[in-house]
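Read the figures in this text as sums done on the coordinates, not as results from a lab. Because the structure is a prediction, the values reported are computed rather than measured. Virtual Cβ from ideal backbone geometry, glycine too; neighbours counted across all protein chains shown.
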Amino acid sequence: MGEIIGGLLAPHPPHIVYGENHWRNEPRSECGWEVLRWGYERARKHFLAKKPDVLLVHSPHWQTVIGHHFLGIPEFHGLSVDPIFPNLFRYKYDIKVDVELAEMIAEEGREMGLITKMMRNPHFRVDYGTIVSCHMMNPEWDIPIVGISSNNSPYYFSNEMGQAQMIQLGQATRRAIEKSGRRAVLLASNTLSHRHFTTEPEIPEDMSREHVYEHSGYLWDMKVIDLMRTGRTRELISILPEFMDHAVSEVKAGSLAWMLSALDFPDYPGELYGYWTVIGTGNAVVGWDCELRGAATTQG
Ligand SMILES: [Fe+2]
């Protein structure tokens, strides 16, 4: 029987790939956003050591109006250019997909009453949310992924309706992984508070200009991180709709709800690997590993 061996809140600002100066990304930087990049490095060491067969990623920047879509061919190649930050992110990608597992999740979802669809277009341009979260977790790209779109229902129906869909999608994901025999790590590609600056410094990586955008968003971030670090994810899920409205949080896209549901709402602490702002938005790298149930290190 397969299992989910870990789950990560894995935010995707393109700035952190820019700060890495990886050969796949064209623009060069001097430095930048180290606390998040070092946090990802520690998370990567921990979860890749567990030898996952597949990484699953749910991304807010692949929005689908009808239903939940899945990358559905074995390989995607191309150049991903961030529409807002083309000066920071022009990334050559070469992605291997676990199509069999993706199809199994789509099938489980359909049986539960969700609308699901496979993306079979070989020229489909994979979004930067999927790419940044996967790159930061595994820059070698030697583990196949399952890429999942974010259904638009919270944006033109309601936060609660959208979240209910994501909880179902998480259940379908867990069942399919168990049937597949895979050892899987899940990536929820979400920023926390999401109000941000609208002008960029002359040097984008000038960290003297990087700080929290507003105190109320920061307080919200500290509240939700506290719930994560103390294993109160059911309480967390119940306040996410309010967080979406008050801090325009990107969790509205559903990635975090999907992952917490697939993990069956952990009652053990998440490990905080790093928190910092990117253009004023709150970003946390947090990992859940059920083997660390009794020994999460950040709780004192
Ligand atoms: Fe985003």
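Structure summary
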quantity	calculated
Centre separation in Å (Cα based) which lies between the stretch 154-178 and the stretch 77-147	18 Å
Taking the chain and dividing mean pair separation by its residue count, relative contact order in percent (alpha carbons under 8 Å, at least six apart)	29 percent
Share antiparallel - DSSP beta bridges, the stretch 60-218, percent rounded to 5	55 percent
Residue-span extension gain [LYS51 to ASP245] - 0.36 nm each, minus C-alpha spacing	66.1 nm
Cβ crowding within 10 Å averaged over residues, with 145-151, 211-217 ranked highest first	145-151, 211-217
Inter-probe distance in nm under a simple model that places probes 7 Å from Cα toward Cβ, at ALA164 and MET1	2.9 nm
Label-point separation, TRP23 to LEU79 (7 Å along Cα→Cβ), nm	1.8 nm
Paramagnetic reach from PHE197 in the stretch 259-284 [backbone N under 19 Å; point 7 Å along Cα→Cβ]	275-284
Burial ranking of peptide ranges 159-169, 54-64 (average Cβ count within 10 Å, highest at the top)	54-64, 159-169
Ranked list, fewest to most other Cβ atoms within 10 Å of each Cβ, for ASP226, ASP53, ASP289	ASP226, ASP53, ASP289
Net dipole in debye of the stretch 79-222 [+1 Lys, Arg Cβ; -1 Asp, Glu Cβ; about Cα centre; nearest 20]	520 debye
Candidates per trypsin sites (Lys or Arg not before Pro) in the stretch 88-187, loop by DSSP, up to 13 other Cβ within 10 Å	ARG120, ARG125
Inter-part distance where the stretch 217-277 and the stretch 49-72 are each reduced to a Cα centre, Å	19 Å
Cross-link partners of LYS223 among lysines (Cα-Cα below 28 Å; sequence separation of 8 or more within a chain)	LYS45, LYS252
Mean Kyte hydropathy of 1.6 or more with a Cα span along the axis of at least 27 Å, helices from DSSP in the chain	none
Segment GLU235-ASN152, length gained on full extension (0.36 nm per residue, minus Cα span)	27.5 nm
Dipole magnitude (debye, nearest 20) for the chain, charges at Cβ of Lys, Arg, Asp, Glu	440 debye
Considering only the chain, percent of DSSP beta bridges that pair antiparallel, nearest 5	45 percent
Under 10 Å, Cβ to Cβ, from GLY67 - net charge with Lys/Arg +1 and Asp/Glu -1	+2
Global form of the stretch 1-74, assessed from the alpha-carbon gyration tensor, a/c cut-off 1.5	oblate
Candidate lysines - alpha carbon under 22 Å from LYS179, same-chain residues fewer than 8 apart omitted	LYS50, LYS51, LYS96, LYS117
Cα centre as origin, Lys/Arg/Asp/Glu Cβ charges: the stretch 226-300 dipole, Debye	40 debye
